[in-house]
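Working notes for the structure below.
A short reminder: the numbers here are calculations on the coordinates, not readings from a lab. Just so it is clear, the structure is predicted and the values come from calculations on it, not from any experiment. Please note: Cβ atoms are built from the backbone with ideal geometry, for glycine as well, and neighbour counts cover all protein chains shown.
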Amino acid sequence: MIKAIIVDDELGARESLSKMVEKNCKNIQIVAKADSMLSAYEAITNFKPDLVFLDVEMPNGNAFDLLEKFDKIDFDIIFTTAYDHYAIKGIKYSAIDYILKPIDPEELVQAVQRFEDKKGQNNMLDKKIQALLSNVKPENKLKKVGLPDGEGLVFINLSEIIRCDSDGNYTFFILTSGKKIIASRTLGEYEQMFADDNFFRVHRSHLVNLQHVKKYIKGEGGYVVMSDNSQVEVSRRNKIDFLERLSLL
């Protein structure tokens, strides 16, 4: 049986999620519920759960303040939040699961299934949490993203990515070190994820880090020369938007 704790400052949200888990996730036992950062810390310390359903905002702090109180995190997390919170991008980058409220039972079941599928792979958990805490701190400009590489996750700084190339349902990341990493997600997913981080999809097969663009060469669509001297085609349909985006840097 999987031991779980629900952390949410709203009584209705705690009870609703508890009933939903009881009905739809037979392998999970809710061993405690908490309504604040302090009570959550005490519950996690006392009950040692396998999984914590953790609301982002809480009285007297937030979920990230809570996580920083632990020297070692040996429980997995599914974040819950009532809206597309400012921290959702940091959570996505760190490859940690989350569910938007109001919680849909099907999305809950899927999130729990993902947790069960990866249970026992907590060797990556500390790295995920470190990346998360780094990503959600406003003063920290050095964002990290966790890339699923078939064996687990590898965490890299966004500034290290020169470009991303599509290969069907996979994406190749070309890094400043010269290394290539293949991730088991589509280029479209990374285009959406990196939309606010100076990445631009210049071609259906190429997403480039604008900070690594050295030169644009004119043509029907033209092409760009990247910091590693690689040349990347710009599609005719994306040319105008791309040049406008470059001019804003």
message: Output wanted: per-residue J couplings in Hz (rounded whole) for region 93-105, from phi through Karplus 6.51 cos²θ - 1.76 cosθ + 1.60, θ = phi - 60°, x for Gly and Pro.
response: 4, 8, 6, 10, 7, 8, 10, 7, 7, x, 6, 8, x
query: Which of the peptides 38-45, 159-166 is most tightly packed, and how do the rest follow, going by the mean number of other Cβ atoms within 10 Å of each residue?
result: 159-166, 38-45
query: Scaled to the compact-protein estimate 2.2 N^0.38 Å, what is the alpha-carbon radius of gyration of region 181-245, rounded to two decimal places?
result: 1.07
field: region 2-135, relative contact order [Cα under 8 Å, separation at least 6], %
entry: 22 percent
query: Considering the chain, what Rg and Dmax in Å follow from its alpha-carbon atoms?
result: 20.6, 65
query: Over the chain, what is the percentage of antiparallel beta bridges among all DSSP beta bridges, to the nearest 5?
result: 60 percent
- request: Using a cut-off of 13 Å between beta-carbons, work out the net charge of the residues near ASP74 (Lys and Arg +1, Asp and Glu -1, ASP74 not included).
  value: +1
field: Cα-based reach from LYS26 at 17 Å (exclusive), listing lysines while leaving out same-chain residues under 8 positions away
entry: LYS3, LYS119
Student exercise, the chain dipole from Lys, Arg, Asp, Glu Cβ charges, in Debye to nearest 20: 920 debye
query: Across every pair of different alpha-carbon atoms, what Kirkwood hydrodynamic radius in Å does region 20-132 reach?
result: 14.5 Å
statement: Amide H proximity to VAL234 below 5 Å, modelled H, separation 5+ or other chain, gives GLY222, TYR223, VAL224
In degrees, nearest ten, helix 125-135 long axis to first principal axis of the chain (Cα): 60 degrees
task: Sum up the charges of everything whose Cβ sits under 12 Å from the Cβ of LEU51, counting Lys and Arg as +1 and Asp and Glu as -1, but leave LEU51 out.
output: 0
- line: Summing +1 per Lys or Arg and -1 per Asp or Glu among the other residues with Cβ less than 9 Å from VAL232's Cβ gives -1
